[in-house]
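Participant: This is the structure, below, for whatever I ask next.
The values are calculated or read from the model by the stated rules, or taken from the named source; none is laboratory data. All of these numbers come straight from a predicted model, not from anything done at the bench. With ideal geometry, Cβ positions are generated from the backbone for all residues, glycine too; neighbour counts draw on all protein chains shown.
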Ligand SMILES: [Zn+2]
């Protein structure tokens with residue numbers, strides 16, 4: 001498989017350290033607000049990558065953190081702690097906030113049919129691992145202390161800025177008046193490893209003992225500590241949204257490589273932004289949608305998954321409700337196709353020609369997903385296969401096989417239960433048609449429609465569908 005690597009800015013052949021085994025770390029969700037469709041897109045990308053690797057024969061060990069401490073309002077060290085902000089806003093404790101939004105996140109991921117990681121665990125359960133890592137950095141001389149915090153000294157790490165392609169001297173802090181900055185911090189790019197419970201964090205609700213005093217970890221250290229703890233010093237793939245490249249991921253590389261002296265990540269996988277109607281999603285613009293909002297608006301959440309497939313993960317996705325409606329309609333048609341194929345149940349022997357057609361579709365699908373996850377192309381292959389004249393049983397098998405990667409839950413498509421009254425009406429309409437009473441037949445069709453069903457005439461008779 002070939003995959004774009006942010007570090008080298010090239011599409012590369014993916015290799016693993018251990019044969020047929022991939023170690024994969026994803027930056028997790030900060031549990032202080034609802035999981036929105038931007039998160040949805042990012043985790044769908046991770047899911048597609050993981051499903052593709054599995055389909056191509058790799059075993060994937062996937063670790064994801066849950067950020068429930070230390071993530072300040074900016075990705076740097078400015079502003080207040082996101083969880084404390086959430087707690088104040090909703091009149092809850094930080095632990096209650098963390099629990100509530102972690103559950104919302106997990107539910108949202110299930111709605112989008114995203115496989116749960118092999119290990120999904122909160123940062124607060126890994127404080128000892130973080131303290132150990134900071135100690136290693138301290139011993140090697142990569143840290144300094146101020147009255148407020150323990151910092152990583154970026155000037156000591158020569159490679160800093162390689163991932164994002166920025167030079168350390170160009171990193172200028174955008175000082176805003178309301179932002180509190182530690183006056184003893186040496187360089188704007190230096191970042192906190194451990195906050196002391198002093199000054200603006202005097203009342204910080206989450207805190208632990210450490211060699212540097214009572215306090216709490218900075219945001220970045222959790223990902224290095226957790227990925228090394230579960231996956232070793234060097235991991236194969238690390239994912240995140242592109243917004244994490246310039247600060248969070250640079251910092252992860254710096255602190256991990258400084259501690260181990262080894263390469264931290266072999267392939268960096270970043271998903272691009274989601275916009276709503278062409279603009280950035282934000283609460284103030286009232287264009288902010290939680291995953292659950294789509295369900296409340298009557299959409300099947302998997303139609304959002306389908307919508308994501310239509311834009312490559314390295315392009316900005318423009319979300320619109322028109323596009324979502326269109327995706328839902330394609331998905332419903334696909335579900336109808338699955339139902340039809342199931343009933344057709346053709347058991348014909350595959351001819352040589354048709355067998356090679358099946359293999360062609362399979363190969364084209366593999367080529368698409370294996371070429372830096374060209375999912376739009378993979379979808380096109382699937383639709384071509386459906387239009388082809390291969391026997392329906394084989395078509396259905398192929399569809400299920402592709403769905404192992406796509407995750408549209410096709411195996412679980414339920415048969416539509418048509419109420420007996422609707423079937424009776426449909427039969428009456430059929431009779432009216434046979435009697436050439438077309439006016440009556442049409443009236444019945446409208447009545448059926450008003451009850452939420454559509455009737456379609458086929459050479460084999462009528463078919464009732466749910467609208
Ligand atoms: Zn991270």
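Participant: Report whether or not residue 33 is more than 16 Å from the chain's Cα centre (by Cα), outside the structural domain of residue 363 (by TED's automatic domain parsing) and closer than 26 Å to residue 307 by Cβ.
Facilitator: Yes.
Participant: Taking the stated definitions as given, is residue 293 within 15 Å of the ligand (Cβ to nearest atom) and surrounded by fewer than 18 Cβ atoms within 10 Å (Cβ to Cβ)?
Facilitator: Spelling it out, it is not the case that residue 293 is within 15 Å of the ligand (Cβ to nearest atom) and surrounded by fewer than 18 Cβ atoms within 10 Å (Cβ to Cβ).
Participant: While we're here: Return only the number of the condition from (1) modelled with pLDDT of 95 or more; (2) surrounded by 20 or more Cβ atoms within 10 Å (Cβ to Cβ); (3) more than 29 Å from residue 319 (Cβ to Cβ) that residue 69 does not satisfy.
Facilitator: Unmet condition: (1).
Participant: Which of (1) more than 16 Å from the ligand (Cβ to nearest atom); (2) in contact with a helix residue (DSSP H, G or I) (Cβ under 7 Å, 6 or more places away or on another chain); (3) not in a helix (DSSP H, G or I) does residue 315 not meet, given it meets every other one?
Facilitator: Status for residue 315: all satisfied but (2).
Participant: Residue 199: at pLDDT 95 or above, away from the ligand (no atom under 16 Å from the Cβ) and out of contact with any strand residue (DSSP E or B) (no Cβ under 7 Å at 6 or more places or on another chain), yes or no?
Facilitator: For residue 199, the condition - at pLDDT 95 or above, away from the ligand (no atom under 16 Å from the Cβ) and out of contact with any strand residue (DSSP E or B) (no Cβ under 7 Å at 6 or more places or on another chain) - is not met.
Participant: Looking for something farther than 21 Å from residue 370 by Cβ and either within 16 Å of the ligand (Cβ to nearest atom) or touching a strand residue (DSSP E or B) at 6+ places or on another chain (Cβ under 9 Å) (or both) - is there at least one such residue anywhere in region 1-24?
Facilitator: Checked against the condition, which is being farther than 21 Å from residue 370 by Cβ and either within 16 Å of the ligand (Cβ to nearest atom) or touching a strand residue (DSSP E or B) at 6+ places or on another chain (Cβ under 9 Å) (or both), region 1-24 yields no hits at all.
Participant: Are any of the residues in region 258-280 farther than 20 Å from residue 23 by Cα, free of Cβ contacts under 8 Å to residues at least 24 places away in the same chain and either surrounded by fewer than 17 Cβ atoms within 10 Å (Cβ to Cβ) or within 16 Å of the ligand (Cβ to nearest atom) (or both)?
Facilitator: For region 258-280, residues farther than 20 Å from residue 23 by Cα, free of Cβ contacts under 8 Å to residues at least 24 places away in the same chain and either surrounded by fewer than 17 Cβ atoms within 10 Å (Cβ to Cβ) or within 16 Å of the ligand (Cβ to nearest atom) (or both): present.
Participant: For the list (1) touching a helix residue (DSSP H, G or I) at 6+ places or on another chain (Cβ under 6 Å); (2) assigned to a loop (DSSP other than H, G, I, E, B); (3) within 16 Å of the ligand (Cβ to nearest atom), I need the number of the one condition that residue 255 fails.
Facilitator: (2)
Participant: Same structure again: With the requirement that a residue be farther than 17 Å from residue 408 by Cβ and either in the same structural domain as residue 400 (by TED's automatic domain parsing) or touching a helix residue (DSSP H, G or I) at 6+ places or on another chain (Cβ under 8 Å) (or both), what does region 36-63 give you?
Facilitator: 36, 37, 39, 56, 60, 61, 62, 63, listed by residue number.
Participant: Which of the residues spanning region 217-240 are more than 21 Å from residue 124 (Cβ to Cβ) and either near the ligand (Cβ under 10 Å from one of its atoms) or in a helix (DSSP H, G or I) (or both)?
Facilitator: If the condition is that a residue be more than 21 Å from residue 124 (Cβ to Cβ) and either near the ligand (Cβ under 10 Å from one of its atoms) or in a helix (DSSP H, G or I) (or both), then 238, 239 are the ones that fit.
Participant: Oh, and also: Check off (1) within 13 Å of the ligand (Cβ to nearest atom); (2) closer than 20 Å to residue 123 by Cβ for residue 245 and give me the number that stays unchecked.
Facilitator: Of the numbered conditions (1) within 13 Å of the ligand (Cβ to nearest atom); (2) closer than 20 Å to residue 123 by Cβ, the odd one out for residue 245 is (2).
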